[in-house]
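The values are calculated or read from the model by the stated rules, or taken from the named source; none is laboratory data. Computed from a predicted model, the values in this text were never measured in an experiment. Reconstructed Cβ throughout: ideal geometry from the backbone, glycine too, with neighbour counts over all protein chains shown.
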Amino acid sequence: MGGLNLQFIKSGLNWNKFLSLFVLLHVLFAITLGRLFAFAPDEAGYLYTFNNMYGSGSDPNPQYSSGWISVPKIFLWIAYLPAKTINILGVPDYLSIRILSIILASLSLYLLMRVLKEVIGPYGFTRNALFLSFLIPSVFLWTSVALRESFIFLEISMFLIGLHYLMQGRNNLSVPLLFLALMH
């Protein structure tokens, strides 16, 4: 039993290294980009939406120039709240929403890895394959900049995990995950 607990702790520490590396790489890339939107021109529209979503801006439909055109404002107020909090603390607007994107992508990766460990076990190949799939250049870019892909990845992850728990009869976990995944 002691060897099993030690293996579990060691596996957890290795996973935290993966997740820490994932976050660090994304944050460094997001900071390095600065206000450059050449790799993701749509990001400027998402930034405009973020900057005009809160308060009494003159634009009655600030999400018009982004991919959030048909999303209710209340959803965006809640979804962007962590980024707004980071922005109020002094982080530039573009970096605030990029950090939110990185947090959501990291949460997606964490949730998927957790369920993968339940289903398959703590095998290195599957963990590494999932981790590497999040480092594919286009996925890495989408989850480092302020596009809506991180929100989509999180919704898909929550839906798949909720479905997995539903099939296991674990309704206390499945219902909230499925509800959150299908809200958008």
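General observations
- The residue pairs whose first member lies in the stretch 80-100 and is more than 18 Å from S66 (Cβ to Cβ), whose second member is hydroxyl-bearing (S, T, Y) and surrounded by 18 or more Cβ atoms within 10 Å (Cβ to Cβ), and whose beta carbons are closer than 9 Å, counting only pairs six or more residues apart or on different chains, are T85/S96; I86/S96; I88/S96; L89/S96.
- Residue within the stretch 169-180 that is in contact with a Ser or Thr (Cβ under 6 Å, 6 or more places away or on another chain), modelled with pLDDT of 85 or more and not in a loop (DSSP other than H, G, I, E, B) present: no
- Top-ranked residue in the stretch 42-85 [being surrounded by fewer than 15 Cβ atoms within 10 Å (Cβ to Cβ) and within 17 Å of the chain's Cα centre (by Cα); ranked as modelled with the lowest pLDDT]: F75
- Selection status of K84, over 20 Å from L21 (Cβ atoms) and among the charged types (D, E, K, R): yes
- Qualifying residue in the stretch 17-25 (condition: at pLDDT below 90 and more than 17 Å from the chain's Cα centre (by Cα)): yes
- Among all residues of the stretch 51-74, there is none that is in a helix (DSSP H, G or I), under 23 Å from F18 (Cα atoms) and aromatic (F, W, Y).
- Taking the criterion of being out of contact with any helix residue (DSSP H, G or I) (no Cβ under 8 Å at 6 or more places or on another chain) and outside any loop (DSSP other than H, G, I, E, B), the residues of the stretch 28-43 that qualify are L28, T32.
- Among the residues of the stretch 26-41, those identified as within 18 Å of the chain's Cα centre (by Cα) and in contact (Cβ under 8 Å) with a residue 12 or more places away in the chain are H26, V27, F29, A30, I31, A40.
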